[in-house]
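**Student:** The structure is given below, and queries will be raised subsequently.
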Amino acid sequence: MPGHPQVRPVRIVSTGMALPTRCVTSLELDERLRLTPGTIEARCGVRRRYFAERETSAQLAATACESALARSGGLHWDDVDCLIAANATMDQALPYNAALVHAELGLHARRTSTFDVGASCLSFLAAVDFAGYMLQAGRYRNVMVVSTDLASVGLDWNDLETCGMFGDGAAAALLTRAQSDMGTETDEGSAILAARFETLSDGVDFCKIPAGGSRYHPGKVEGRDFMELNLFKMRGKPLFRLMAAEIPAFIHKLLDNAGMRHQGGLSSLARIIPHQASRLGLSHMMKRLQIPAHQFTDIIADYGNQVAASLPTALHLTLTSQSPPRRGDTMMLIGTSAGVSMGGMIVRY
């Protein structure tokens with residue numbers, strides 16, 4: 001597909017991940033919430049997840065970045081000229097997350113370009129899409145994209161629909177400009193073949209944390225429990241109905257963008273790597289689109305929904321699995337987010 005306007009010669013050099021030290025099983029949550037053993041796992045499809053106790057978002061992000069760099073085959077921080085933090089949540093209101101990660105990494109002497117990209121659970125995909133154009137244009141040589149979220153601090157423990165589903169974590173990917181010719185000795189034609197994002201703002205209130213900005217600032221809120229405004233709220237049933245109705249057509253359009261819909265379509269992909277939104281959502285996607293288990297990355301039982309870190313964690317575990325995709329294989333990264341938005345990318349690894 002040389003010359004296709006969406007194709008960008010971008011290579012995923014390496015990936016890394018980091019987890020908090022505390023692993024929390026669903027049986028522990030059952031006991032904490034005084035539920036019958038097995039309730040949380042049955043309702044949420046999650047056996048265990050990791051919760052940060054002392055770790056900060058920046059600390060986990062720095063560990064994930066160092067892990068990705070260590071697996072890069074010889075690159076160092078002097079080679080990385082851009083660091084993008086792609087998060088749904090913040091360590092603090094100011095400064096932005098990427099600056100905090102840069103400091104945590106001890107890069108004070110390096111004048112790295114840093115900034116945040118925020119699109120809720122789709123933050124990683126949005127950042128990779130943006131970085132791809134910057135790499136193609138020659139603006140940067142090597143870009144580190146890191147996503148880290150501590151969902152545990154915003155959970156409503158009275159809401160079983162959400163409190164048993166989320167986990168904390170971080171994951172990073174190091175990107176570089178690839179050789180543009182498919183099958184050269186130094187490259188296998190690594191590229192972003194297509195990317196697509198759509199927002200369905202009629203679902204803007206289906207997932208939200210009202211506080212944290214200027215609308216519900218403590219100085220402006222009167223007569224309300226401010227703590228409640230800091231907790232994650234989700235209207236699961238209408239959210240699921242909207243996504244279930246929209247995602248198949250969205251995926252078909254993404255395949256069209258990559259010129260693949262009539263060339264094998266989903267069956268031609270080596271791996272489909274989704275955001276780990278929910279057990280119900282993953283199962284529905286596999287069934288509706290007839291995706292076989294070996295082609296689909298499903299890690300939600302052991303990590304939960306890690307918000308923006310969910311998709312790059314799934315990517316890292318796919319690339320480091322016992323049967324990973326090979327260079328030159330084609331993969332789809334797909335997800336949904338609060339907004340409500342859908343996002344997808346097809347890459348030649």
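**Student:** With the requirement that a residue be in a loop (DSSP other than H, G, I, E, B) and open to solvent by less than 70 Å² (accessible area, probe 1.4 Å), what does segment 63-81 give you? Walk me through how you get there before you give the answer.
**Tutor:** Start the filter on segment 63-81 by keeping residues that are in a loop (DSSP other than H, G, I, E, B), which leaves 71-76, 80-81.
Result: Ser72, Gly74, Leu75, Val80, Asp81.
**Student:** Right, here's the next one. Just to verify a result, which residue in segment 120-156, among those that are assigned to a strand (DSSP E or B) and of a type in the set (A, V, I, L, M, F, W, C), is nearest to Ala52 (Cα to Cα)?
**Tutor:** As a first pass, look at segment 120-156 and keep what is assigned to a strand (DSSP E or B): 121, 142-150.
Okay, now just the ones that are also of a type in the set (A, V, I, L, M, F, W, C), so 121, 143-146, 150.
Details: Cys121: 19, Val143: 27, Met144: 23, Val145: 21, Val146: 17, Leu150: 7 Å.
Step by step, filter segment 120-156, then rank; the result is Leu150.
**Student:** A further question on this structure: Among the residues of segment 263-275, which ones are touching a Phe, Trp or Tyr at 6+ places or on another chain (Cβ under 7 Å) and either open to solvent by 10 Å² or more (accessible area, probe 1.4 Å) or more than 14 Å from Leu289 (Cβ to Cβ) (or both)?
**Tutor:** Within segment 263-275, the subset touching a Phe, Trp or Tyr at 6+ places or on another chain (Cβ under 7 Å) is 272.
The answer is none; no residue qualifies.
**Student:** Moving on to the next point. Within segment 293-327, track down each residue that is over 23 Å from Gly236 (Cβ atoms), at pLDDT 95 or above and assigned to a loop (DSSP other than H, G, I, E, B).
**Tutor:** Thr320, Ser321, Pro324, Pro325, Arg326, Arg327 - these are the residues of segment 293-327 that are over 23 Å from Gly236 (Cβ atoms), at pLDDT 95 or above and assigned to a loop (DSSP other than H, G, I, E, B).
Yes/no per residue for (1) farther than 24 Å from Gly304 by Cβ; (2) surrounded by fewer than 24 Cβ atoms within 10 Å (Cβ to Cβ):
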position: Ala42; (1), (2): no, yes
position: Phe51; (1), (2): no, yes
position: Ala61; (1), (2): no, no
position: Leu83; (1), (2): yes, no
position: Leu94; (1), (2): yes, yes
position: Leu107; (1), (2): yes, yes
position: Thr112; (1), (2): yes, yes
position: Leu122; (1), (2): no, no
position: Asn142; (1), (2): yes, yes
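**Student:** Restricting to segment 12-47, name every residue that is assigned to a helix (DSSP H, G or I) and β-branched (Val, Ile, Thr). First the steps, then the outcome.
**Tutor:** Looking only at segment 12-47, we keep the residues that are assigned to a helix (DSSP H, G or I), and these are 26-32, 39-44.
Residues satisfying the conditions are Thr39, Ile40.
**Student:** Within segment 307-322, can one find any residue that is of a type in the set (Val, Ile, Thr) and in contact with a helix residue (DSSP H, G or I) (Cβ under 8 Å, 6 or more places away or on another chain)? Full working, then the answer.
**Tutor:** First pass over segment 307-322, keeping only residues of a type in the set (Val, Ile, Thr): 307, 313, 318, 320.
Next, from what is left, pick out any that are in contact with a helix residue (DSSP H, G or I) (Cβ under 8 Å, 6 or more places away or on another chain): 307, 313.
Yes; the residues of segment 307-322 include at least one that is of a type in the set (Val, Ile, Thr) and in contact with a helix residue (DSSP H, G or I) (Cβ under 8 Å, 6 or more places away or on another chain).
**Student:** For the subset of segment 11-29 comprising residues that are without any contact (Cβ under 8 Å) to a residue 40 or more places away in the chain and out of contact with any strand residue (DSSP E or B) (no Cβ under 6 Å at 6 or more places or on another chain), which member is surrounded by the fewest Cβ atoms within 10 Å (Cβ to Cβ)?
**Tutor:** Thr21
The values are calculated or read from the model by the stated rules, or taken from the named source; none is laboratory data. All of these numbers come straight from a predicted model, not from anything done at the bench. Please note: Cβ atoms are built from the backbone with ideal geometry, for glycine as well, and neighbour counts cover all protein chains shown. Side chains are part of the model used for accessible areas, which takes the heavy atoms of the whole protein and leaves out ligands, DNA and RNA. Shrake-Rupley method; radii C 1.70, N 1.55, O 1.52, S 1.80 Å.
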